[in-house]
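The values are calculated or read from the model by the stated rules, or taken from the named source; none is laboratory data. Only a predicted model underlies this, so the values are computations on that prediction, with no experimental measurement involved. A quick note on method: Cβ atoms are made from the backbone with ideal geometry, for glycine too, and the neighbour counts reach across all protein chains shown. Surface accessibility is based on the protein's heavy atoms, side chains included, excluding ligands, DNA and RNA. Shrake-Rupley method; radii C 1.70, N 1.55, O 1.52, S 1.80 Å.
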Amino acid sequence: MNVKPAAALLTLALAAPSLGGCVAAAVGAVGTAGYVAAQNRAPGQVADDATIRIGINDRFLKKSESLFSNVSVEVVRGRVLLVGTVSSSADKATAESLAREVEGVKEVDNQIQVADDGGVGGYASDSWITTKVKSNIVTDFSLNGFSIGVETVNSIVYLSGVVRSEAQRDKAVEIARGISGVQKVVSAIQVSPE
């Protein structure tokens, strides 16, 4: 762990008892700092990615409640992964176009599926698959599972995030493929040794 974030966390933890009514805020800050540390990205990059994600979701909501509720947005180092279901090719194209408008977006991987029922049919199965994949990734100690995002749409698992090596990326894909009901795994995981 980098010395500066560790020192900041220790200082915050030691100061928490003296904060009185601010203890909840301190605990939230420690949780946020822990989340940032687990992302294998610099805190500034995590913040930039969050800003991009908020910008895309804001555009989706202003354009169509359906886009906002049916399309998930993952952003890692300015690279956007769009996952979900829409009812037409035009909606899929609109989502990509809106995402590209946001400042800081480097590339868009549009994995949105077009489905007549909007993808509602397999929601329970997809949720189970996502939960199972995520729990198996998080409990595999060869990975930093908290740095890997998991989405499932129509039994297709989408992985995103940043890992330290190709072996870790391959391991995450292998874990996802091993879950019952998974038809395909699409990896948008980036490798960064630092």
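Among the criteria (1) in a helix (DSSP H, G or I); (2) at pLDDT 95 or above, the one ALA25 does not fulfil is (2). Within the bounds of segment 125-132, is there any residue that is crowded, with 17+ Cβ neighbours inside 10 Å, modelled with pLDDT under 95 and acidic (Asp, Glu)? Yes, some residue in segment 125-132 is crowded, with 17+ Cβ neighbours inside 10 Å, modelled with pLDDT under 95 and acidic (Asp, Glu). Looking at VAL157, VAL108, just one residue is of a type outside the set (D, E, K, R), within 21 Å of ASP91 (Cα to Cα) and surrounded by 18 or more Cβ atoms within 10 Å (Cβ to Cβ), and that residue is VAL108. Of the residues that sit in segment 85-103 and are polar (S, T, N, Q) and closer than 12 Å to ASN70 by Cα, which one is least open to solvent (accessible area, probe 1.4 Å)? It comes out as THR85.
Just the residues that are part of a helix (DSSP H, G or I), over 18 Å from LEU81 (Cα atoms) and open to solvent by 50 Å² or more (accessible area, probe 1.4 Å), please, taken from segment 164-192.
Across segment 164-192, the qualifying residues are GLU166, ALA167, ASP170, LYS171, GLU174, ARG177.
The set of residues in segment 72-91 being assigned to a loop (DSSP other than H, G, I, E, B), under 23 Å from SER155 (Cβ atoms) and touching a Gly at 6+ places or on another chain (Cβ under 9 Å) consists of SER87 alone.
When every residue of segment 136-145 is checked against the conditions, none turns out to be charged (D, E, K, R) and under 25 Å from ILE56 (Cβ atoms).
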